[in-house]
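*Asks:* Here's a structure for you.
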Amino acid sequence: ELFPRTEVGGISLPCMLAGTNWMLGYSHTGPAADEMIKNRHGDPRNVAAVLDAYMEYGIDAIMGPAFDSDSALRKGMFLTEEKFGKKMTQIVTPILNMDDNAAARKEAEDVIKKCAADGAEICLIHHSSAEQLVNKNKQTMDRLPDYLAMIRDAGMVPGLSAHMPELVLYSDMNEYDVE
């Protein structure tokens with residue numbers, strides 16, 4: 001049976017996503033576990049085996065910080081897409097330079113454009129970046145609209161990766177352009 005679906009920004013998505021922390025080496029437990037994960041999933045065939053299990057249930061969307069063309073993650077994703085004859089929707093969560101200057105904004109824009117060029121359809125600013133913009137006193141996220149516009153201009157659906165509840169609350173309260 002296929003997993004239930006929803007729609008975000010006009011894109012049909014399964015209600016569960018394939019995460020990438022455990023394929024990229026982000027155990028959140030320590031360097032030894034990170035290294036073990038990287039060794040295990042450094043081969044695209046191992047990545048594909050994991051993604052195949054998702055795809056068998058209609059879970060055809062994957063979320064991660066980047067989908068670089070020569071990475072084991074990207075190559076494994078291509079193997080799965082080829083096997084099932086269906087593309088996976090890429091949801092990227094880039095870490096952006098949020099410094100308040102022109103050079104940092106240009107750097108962030110370049111990262112966003114690369115995400116789009118690498119095939120991402122949805123771009124959720126990584127929580128570690130978005131949280132830097134939170135102003136609890138004003139209940140705003142200063143400069144967030146600038147980054148969301150960069151994402152829209154690059155042809156992706158904008159959103160936020162959130163650990164901090166204020167990201168969701170302030171986005172709704174201020175009607176920021178997040179899906």
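*Asks:* Can you tell me which residue in the stretch 1-50 is least open to solvent (accessible area, probe 1.4 Å), limited to those that are in contact (Cβ under 8 Å) with a residue 60 or more places away in the chain and either farther than 29 Å from M156 by Cα or part of a loop (DSSP other than H, G, I, E, B) (or both)?
*Replies:* Result: G9.
*Asks:* Give all pairs with beta carbons closer than 8 Å in which a residue from the stretch 60-84 that is under 19 Å from I122 (Cα atoms) and assigned to a helix (DSSP H, G or I) meets a residue that is modelled with pLDDT under 95 and polar (S, T, N, Q); count only pairs at least 6 apart in sequence or on separate chains.
*Replies:* L73/T20
*Asks:* Considering (1) farther than 10 Å from T20 by Cβ; (2) under 18 Å from the mean Cα position of the chain (by Cα); (3) not aliphatic (A, V, I, L, M), say which one G64 fails and leave the rest.
*Replies:* (1)
*Asks:* Now, a different point. Return yes when T80 is open to solvent by 30 Å² or more (accessible area, probe 1.4 Å) and farther than 21 Å from V157 by Cβ and no when it is not.
*Replies:* Judged against the criteria, T80 is not a match.
*Asks:* Residue by residue through the stretch 68-77, note down the ones that are open to solvent by 30 Å² or more (accessible area, probe 1.4 Å) and farther than 25 Å from P158 by Cβ.
*Replies:* D70, K75
*Asks:* Has the stretch 93-107 got any residue that is closer than 17 Å to E121 by Cβ and touching a Leu at 6+ places or on another chain (Cβ under 6 Å)?
*Replies:* The answer is yes; a qualifying residue exists.
*Asks:* Filter the stretch 51-67 for residues that are surrounded by fewer than 14 Cβ atoms within 10 Å (Cβ to Cβ) and not small (G, A, S) and give the result.
*Replies:* E56, Y57 - these are the residues of the stretch 51-67 that are surrounded by fewer than 14 Cβ atoms within 10 Å (Cβ to Cβ) and not small (G, A, S).
The values are calculated or read from the model by the stated rules, or taken from the named source; none is laboratory data. Keep in mind the model is a prediction, meaning the values are calculated, not measured. Counting neighbours? That spans all protein chains shown, and the Cβs are built from the backbone with ideal geometry, glycine included. What goes into the accessible areas is simple: the full protein's heavy atoms, side chains included, and nothing from ligands, DNA or RNA. Shrake-Rupley method; radii C 1.70, N 1.55, O 1.52, S 1.80 Å.
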